[in-house]
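Report on one structure; see the data block that follows.
The values are calculated or read from the model by the stated rules, or taken from the named source; none is laboratory data. The model shown is predicted, which means the values in this text are computed figures rather than measured ones. Here the Cβ positions follow ideal geometry from the backbone for every residue, glycine too, while neighbour counts run over all protein chains shown. The accessibility values were calculated without ligands, DNA or RNA, using every heavy atom of the protein model including side chains. Shrake-Rupley method; radii C 1.70, N 1.55, O 1.52, S 1.80 Å.
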Amino acid sequence: MKTHEYTSPMKSLLIASLCFSLFTLFFSFNTLAQDKHALIIAIGEYPEDSDWPDISSENDVPLIQEALVKQGFKNEFISVLKSKNAKKSRILQELDGLNRRVKNGDIVVVHISSHGQQIMDDNGDELDGYDEAIVAYGAPAHYDPKYQGENHLRDEELGKALRDIQKKLGSK
């Protein structure tokens, strides 16, 4: 006849504590290799000839940086583009650089503070005929027949860059 061993509450607590400690240790080792990256884009000053009024986007930068640091982001992994440095080509370069730096399991935050605008759809994928766009530095407020949206960051371009980063980060 088999007898069941009685497990005391103290022994159960010890086993649970040990399991929790092992889980925490495992989780800590997994997150030690995890880096946190951020890209802050703040376009508050626009060229006069663009007809965009200046906005207070650059005021967001220290607030976002402080919030990120409180969440464990290191300053060396936080990139900032402000106004004149935030032309469309530079934004795309920074997003591409971010994609090259990250690895599976990392955390990425991209914060954009700027004007936004609908511009003529350039590939026929929008039901309303307009792409949504970030108004990068140098993008005009009004259309000129010669202008094709080349200075605006279209939703498809931003979406592709973010999906590429997301794929590299993985599902977790």
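Side notes on the structure shown:
- In order through region 162-172: 3J(HN,Hα) via Karplus (6.51 cos²θ - 1.76 cosθ + 1.60), integer Hz, x for Gly, Pro: 6, 5, 4, 5, 4, 4, 5, 5, x, 6, 9
- Residues with amide H under 5 Å from that of ILE112, placed H, sequence gap 5 or more: ILE41
- Summing charges over all other residues whose Cβ lies under 12 Å from the Cβ of GLN148, with Lys and Arg as +1 and Asp and Glu as -1, gives -3.
- In region 79-172, the GluC sites (Glu not before Pro) that fall in loop regions by DSSP, at most 12 other Cβ within 10 Å: GLU150
- The aspartates and glutamates within cross-link reach of LYS36, meaning a Cα-to-Cα straight distance under 12 Å and a gap of 8 or more places when in the same chain, are GLU76, ASP106.
- Low-density loop cleavage sites - chymotrypsin sites (Phe, Trp or Tyr not before Pro) in region 105-172, where at most 13 other Cβ are within 10 Å (DSSP): TYR143
- Measuring nothing but protein heavy atoms, the accessible surface of region 86-141 at 1.4 Å probe radius is 48 percent carbon and sulfur.
- The alpha-carbon of LYS146 sits under 16 angstrom from the alpha-carbons of these aspartates and glutamates, leaving out residues fewer than 8 places away in its chain: ASP49, ASP121, ASP122.
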